[in-house]
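Everything below concerns the one structure shown next.
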Amino acid sequence: GVGAACQEVMLDSSLPTGMALAQRQVTVQEGPLYRTEGSHITLWCKVSGYQGPAEQNFQWSIYLPSAPEREVQIVSTVDPSFPYAIYTQRVRNRGIYVERVQGDAVLLHITELQDRDAGEYECHTPNTDERYFGSYSAKMNLVVIPDSLRVTAVPQTLNKVEHDSLELKCEVSKSTVQHSHVSIAWYRQRGSEMPVEVVSLSRDFVLRAGSAYAQRQATGDVRLDKVGETTSKLTIYNLHPSDQGEFYCEAAEWIQDPDKSWYAMTRKRSQGAIVNVQATDKEFSVRLETDKRMYIVGEPVEFRCILEAQNVPDRYFSISWAFNSSLIASLGPNAVPVLNNEFAQREALGQLKVAKESDNVFVLKIYRLRLEDSGKYNCRVTEREKTVTGDFIDKESKRPKNIPITVLPLKTSISLEIINNASTVLEGESLRFGCNVRSGFGPQSRLSIAWHLVDKLNRRSEIVRLDREGTLQPGPSYAERSSYGGIQVEQVRPGSFTLEIFNSIKADEGHYECRVAEWTRTLDGEWQMVGERHAGTPVSITALEAGFAVTAISRTPGVTYNESFDLQCIIKPHYPSWVPVSVTWRFQPAGSTEFHDLVTFTRDGGVQWGDRYMGFRTRTAIEKAESSNNVRLSISRASDTEAGKYQCVAELWRKNYNSSWTRLADRTSNLLEIRVLRP
């Protein structure tokens, strides 16, 4: 298929030893996947380890069972002419399209799956790397199976009286060959209102009532029973006027994908049964509902105060809302809200709403919760009677039980991964770290990052900080070093950061941490920190002077007159070529007590001769080995002048970030005595 020839590419042998490129990896949703004919499906594909732009392109192809070796091109994010004729019309009409989830991840959508769509799908990413390395495509199998789910119920209209019982049946069947589960749910709907869940049986056979019916299910007034192999029966005892509406059942068929997650292949609903419930008297009842009891700062909450009564449009009701037993808002029969104290200010800023949703439903909605909103909420409904003068008098008041809610502080769901190029380095080498946010980072959030070093004495120093606006600020101890370019921070792509410290020193040893904070904007436009995560890695730095030693050797301590002889200055350990070392040969003539510099091989590769023994220069050669700091001194035509003691002195240097030099250590070798013998 496309890119098959470059599926696996060996590392270029021209790369220096020890150097590696990032390896491209294309991953596609694991197959085989079983999906039903006529359904809307998606297949995901993502790429990692690539070079080039953050926004990668993707191409989808299929290998049909009838011709498993022949590639049929479907759709591309970069080439409109990519689809073969069999798919051109469906791609143009967006029956097949690619949704970009992020720069390096996409979803392939097929809006109405056909039997001919079965086959092996290949996702390919065109190369943007400097050289081919890794995998550029991945494949998976899609199996299209018939949609065999059937959901039927008898369409009917039932007229009931309050406190009667209701019994409805729904038949659900399937003939899928593969192992699958079925979930069933019953709903009640009134006109254009959102459907209300009555009770459901999940694919794992867990029975659960909707929030509006949870209390009645707990007392046994709402039941869901299985009758035979394919029929489920809904029973509601002690009907309320609020139960009036259209009841229908909905079923979904689930299959377990290779990644162990469950997927609803198809979902269908039955025809409805219209249920009318006539109230028996002028009594009314009130109940208070909300979706849950635990919230996080910034989430919305809605309380619904539901009035259950007969002929509500012909009667007068007022409602009041209370928080921790203090009145916060009220609505009269005219439905105009009046709010108290701080809640009035929040309503004016659009942060809160008190309203009459319908004749028998009143809502209190807080759009962004605060910590101080934790507490008990309630509503009170009062029926009022209009006198002949037009005034209202109270008749009866009722209120349900308090609903307590808890508002928890914001917390972040991001997770971090830190990457270290080497846990042990030689002083002077660069340190390079990566810090990647792997999950939980939303498009509405911003990130800030701070790099810290904790030394062996557990002292913490901030190296550098990149705030949410992208402004770089070095820490106090690193400001000068950063100004010389010794520290570099980069955001490679959203949620991916690197830190590089050039020309490391022994004091850079310790535990490195990246601390990433997630920020989100509040309703009033201010940025608020959601939470922080950190990850760390240790770094050990070997001091340059560790093990630094120098030895002088000669194979010919006794030299015959007019012969040549060599002296070698051996430096240990074997330093890389970028480590500056200077070497000086010193000489003490026979019979003298003083040493003087003979010649120096400087740290920058130059040669400096001493001015004491000029005669040496014409008969002496000095040479430094290419692969080490060893220095050889060669003297030709030996005479009495060259007889004496020789010694070499080595100095180890480091070039600092501000281009100044620091001498780290010096070592003096053993003495070599050279005797010149007459023939």
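The values are calculated or read from the model by the stated rules, or taken from the named source; none is laboratory data. Here the structure is a predicted model, which is why all the values come from computation and not from measurement. Backbone-built Cβ (ideal geometry, glycine too); neighbour counts: all protein chains shown. Side chains are part of the model used for accessible areas, which takes the heavy atoms of the whole protein and leaves out ligands, DNA and RNA. Shrake-Rupley method; radii C 1.70, N 1.55, O 1.52, S 1.80 Å.
Things worth noting here:
- Computed from backbone phi with θ = phi - 60° and the Karplus coefficients 6.51, -1.76 and 1.60, the 3J(HN,Hα) list for region 266-273 is 8, 9, 9, 10, 8, 5, x, 10 Hz; x is used for glycine and proline.
- Region 248-291 residues near the modelled Ser202 label - backbone nitrogen below 20 Å, point 7 Å along Cα→Cβ: 250-268, 291
- Sequence-distant lysines (8 or more away, or on other chains) whose Cα lies within less than 17 Å of Lys395: Lys282, Lys386
- For Tyr613, the accessible surface of its heavy atoms amounts to roughly 40 Å² (probe 1.4 Å, protein chains only, rounded to the nearest 10).
- Each part gets one Cα centre, and for region 335-361 versus region 588-622 those centres are 96 Å apart.
- Cross-link reach list, lysines versus Lys456, counting only Cα pairs under 26 Å and skipping chain neighbours closer than eight places: Lys506, Lys655
- Zone residues, region 45-78, relative to Gln23, backbone N less than 15 Å from point 7 Å out along Cα-to-Cβ: 48-51
- Protein heavy-atom accessible surface, 1.4 Å probe, per residue over region 24-145: 45 Å².
- Label of the coordinate-derived value, volume of the Cα convex hull per residue in Å³, listed as (i) 668; (ii) 204; (iii) 251: (iii)
- Amide N of region 503-518 lying under 18 Å from the label point, which is placed 7 angstrom from the Cα of Glu480 along Cα→Cβ: 503-508
- The average projected area of region 389-488, computed from the convex hull of its Cα atoms over all directions, is 15.4 nm².
- Listed by chain and number, the aspartates and glutamates whose C-alpha is less than 15 Å from the C-alpha of Lys411, apart from same-chain residues fewer than 8 away, are Glu299, Glu518, Glu532.
- Packing order of peptides 309-316, 431-438, 69-76, highest average first: 431-438, 69-76, 309-316 (average count of other Cβ atoms within 10 Å over each peptide's residues).
- Protein-only accessible surface order, largest first, of Ser192, Ser582, Ser554 at 1.4 Å: Ser192, Ser554, Ser582
- Three-way shape label, region 549-677, alpha-carbon gyration tensor, a/c 1.5: prolate
- Extension reserve of the Ser660-Ser148 stretch, reckoned as 0.36 nm per residue once the Cα distance is removed: 176.3 nm
- Accessible area (Å², 1.4 Å probe, nearest 10) - Phe601: 30
- Integer Hz, Karplus 6.51/-1.76/1.60 couplings in order for region 509-522, x for Gly and Pro: 6, x, 9, 9, 10, 10, 10, 10, 10, 9, 10, 9, 8, 7
- In the context of the full set of protein chains, region 548-605 has a per residue accessible area of 50 Å² (1.4 Å probe).
- Estimated FRET transfer efficiency (Leu408, Trp609; beta-carbon r; R0 60 Å; 0.05): 0.15
- The calculated FRET efficiency for the pair Ile86 and Asp640, based on their C-beta separation and a Förster distance of 56 Å, comes to about 0.05.
- Distance between region 210-238 and region 494-545 - C-alpha centres, whole angstrom: 55
- Available extension along the chain between Glu342 and Glu417 is 22.6 nm, counting 0.36 nm per residue and deducting the alpha carbon span.
- Calculated FRET efficiency for the pair Arg269/Thr231, C-beta based, R₀ 22 Å, to 0.05: 0.85
- In the chain, the DSSP beta bridges split such that about 90 percent are antiparallel, to the nearest 5.
- The chain, accessible surface, carbon-and-sulfur percent (1.4 angstrom probe): 48
- Where region 415-542 is the region considered: accessible area per residue in Å², 1.4 Å probe: 51
- In sequence order, region 27-40 has phi-based couplings of 10, 10, 4, 5, x, x, 9, 9, 9, 8, 4, x, 8, 8 Hz under the Karplus curve 6.51 cos²θ - 1.76 cosθ + 1.60, θ = phi - 60°, and Gly or Pro positions carry x.
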